[in-house]
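Engineer: Take a look at the following structure, please.
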Amino acid sequence: MRQPALTGFPYRHSALAKRTRETKFWSVLDLDGSFAAGSLAARREVYKRLKKQGAIIFSTARSPELVMSSKMLEVSQRLGGVTRHEPKWHFENGKYSSVPIEDLEEFDYCRDPDAILAFGEGIFPKKLRVGKQRPAHYVCDTEYDRLYLNLIPGPTKEESDLSWREVTLGVVKAVGLEGNLAAIEFANNYKEGLANVEPLKYRVQLDFFGRNSLMDKYVALRRTEKFIEGSPLALIIEGVDESKPDESSPDDSKATLYLMPPGARKQNMLNRPLSEICTAERIGTHEIRMPILGDTLTDFYAMLYGGWDAGVAGVVAGGSRLFKCIEEQTNFGGVDLQLLHKGLKPTSRKGFFLFDNPLMRGGWTKHGKERLIILGDRAYPGTVGAETMLAYLNDNKIYNKLDEEIKALAYG
């Protein structure tokens, strides 16, 4: 029997490497608006099935400490060098205070996965337990931080010593958007209980409120892009829309713009551990099966372009604003979706599309380069979040025989 390869730090002896070797199956789940939405019963059932099937990865805008149990966070700080502090999730008398997230139902089945792709903080694989003295814990892929996240184009030593966050906050100030910085962008707010988490290293959040919030967000993005256009800053800062407006009450709407390094894109963070582990374990990336659940444009890009040439089935969660934008070929936060829509090939089944991913080498289906994209509101109407994923898992013809189903949809 071939001995398993020793994956390099931080994936060596990780739960993700072990599950990849055993199952060649990754479930990649966004949380807010996706896996954490819908009924608790659906979330429980989905988690149980996917855990039995293979590795579970949370690809989320939540900071990493919000997806770690309190004990796991403490051990990860002590053994794994994780520098994040405990979240403050209990709100009373106008202030946040600490409470173990395992005591809150809303966090059930949303903690301690095999790996965390923290949108704005980095990649955190979970190390396996080794005896009684070294329990399971998370570590950070610091090499990925250095190579792809904390990039500074400063020509002088003084500028080069600045962090990505410091440079980006300088841009925010220069374009006059300081008043839109979210509460979590100020460390003192966390210390004083005015924010539930501390600032993230590779994400600056700008919030806009009211009926015109989406337009204000769009104008702010264009102003920022204009300021950095033609400079090295354009290579390290990009805007990402994470708005979820309240269409039922426009005056109460909130639009959110993230400024992030390109390496923080969900598809890029997904590709990193996939490449590292598959190379070390001598597994072809095309051998990996990978359902991806999400509800925003960042998740959609991961469905279309993440996972290299793995067998990806992208599930757009029911209730997502993205669904309407895709169907009507409108823009999402200022991003024109017409080109993406043209890449989606309708099939004989309602809500099911095939997408030709140019990154796939020959096609995991052996029949072409397509990957499956499922629009939950059309394929499984009436479902929300985890309920959409459960409907997909219950659809045994799709779930268990995805290769044959894509062939039938494309060529039948």
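The values are calculated or read from the model by the stated rules, or taken from the named source; none is laboratory data. Every value quoted in this text rests on a predicted model; they were computed, and no experiment measured them. Cβ placement follows ideal geometry from the backbone for every residue including glycine, while neighbour counts extend to all protein chains displayed.
Engineer: Being touching a residue at least 60 places away in the same chain (Cβ under 8 Å), crowded, with 19+ Cβ neighbours inside 10 Å, over 30 Å from Asn93 (Cα atoms) and among the aromatic types (Phe, Trp, Tyr): is that true of Tyr218 here?
Structural biologist: yes
Engineer: I'd like the full set of residues that are in contact (Cβ under 8 Å) with a residue 40 or more places away in the chain and within 16 Å of the chain's Cα centre (by Cα), limited to segment 237-255.
Structural biologist: Scanning segment 237-255 gives Val240, Asp241, Glu242, Ser243, Lys244.
Per-residue answers, yes or no, for (1) part of a helix (DSSP H, G or I); (2) hydrophobic (A, V, I, L, M, F, W, C); (3) touching a Cys at 6+ places or on another chain (Cβ under 6 Å):
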{"site": "Val46", "(1), (2), (3)": "yes, yes, no"}
{"site": "Phe58", "(1), (2), (3)": "no, yes, no"}
{"site": "Arg62", "(1), (2), (3)": "no, no, no"}
{"site": "Val75", "(1), (2), (3)": "yes, yes, no"}
{"site": "Gly81", "(1), (2), (3)": "no, no, no"}
{"site": "Lys88", "(1), (2), (3)": "no, no, no"}
{"site": "Phe91", "(1), (2), (3)": "no, yes, no"}
{"site": "Val99", "(1), (2), (3)": "no, yes, no"}
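Engineer: Are any residues in segment 51-75 crowded, with 24+ Cβ neighbours inside 10 Å and over 30 Å from Leu257 (Cα atoms), and if so, which ones?
Structural biologist: Scanning segment 51-75 gives a single hit, Ala55.
Engineer: Related question: All but one of (1) touching a Phe, Trp or Tyr at 6+ places or on another chain (Cβ under 8 Å); (2) closer than 27 Å to Asp145 by Cα hold for Arg321; which doesn't?
Structural biologist: Among (1) touching a Phe, Trp or Tyr at 6+ places or on another chain (Cβ under 8 Å); (2) closer than 27 Å to Asp145 by Cα, the lone unmet condition for Arg321 is (2).
Engineer: Which residue, of Arg111, Arg146, is at pLDDT below 95, basic (Lys, Arg) and not in a strand (DSSP E or B)?
Structural biologist: Of the residues listed, the single one that is at pLDDT below 95, basic (Lys, Arg) and not in a strand (DSSP E or B) is Arg146.
Engineer: Residue check: is Ala234 outside the structural domain of Cys325 (by TED's automatic domain parsing), without any contact (Cβ under 8 Å) to a residue 24 or more places away in the chain and small (Gly, Ala, Ser)?
Structural biologist: Spelling it out, Ala234 is indeed outside the structural domain of Cys325 (by TED's automatic domain parsing), without any contact (Cβ under 8 Å) to a residue 24 or more places away in the chain and small (Gly, Ala, Ser).
Engineer: Separate question: So which residues in segment 248-269 are over 16 Å from Lys217 (Cα atoms) and either crowded, with 17+ Cβ neighbours inside 10 Å or among the charged types (D, E, K, R) (or both)?
Structural biologist: Result: Pro261, Gly263, Ala264, Arg265, Lys266, Gln267, Asn268, Met269.
Engineer: Could you list all residues from segment 286-304 that are surrounded by fewer than 24 Cβ atoms within 10 Å (Cβ to Cβ) and more than 27 Å from Leu235 (Cβ to Cβ)?
Structural biologist: Those that are surrounded by fewer than 24 Cβ atoms within 10 Å (Cβ to Cβ) and more than 27 Å from Leu235 (Cβ to Cβ): His286, Glu287, Arg289.
Engineer: Please specify each residue of segment 200-235 satisfying the condition of being assigned to a loop (DSSP other than H, G, I, E, B) and touching a Ser or Thr at 6+ places or on another chain (Cβ under 6 Å).
Structural biologist: Answer for segment 200-235, where residues must be assigned to a loop (DSSP other than H, G, I, E, B) and touching a Ser or Thr at 6+ places or on another chain (Cβ under 6 Å): there is none.
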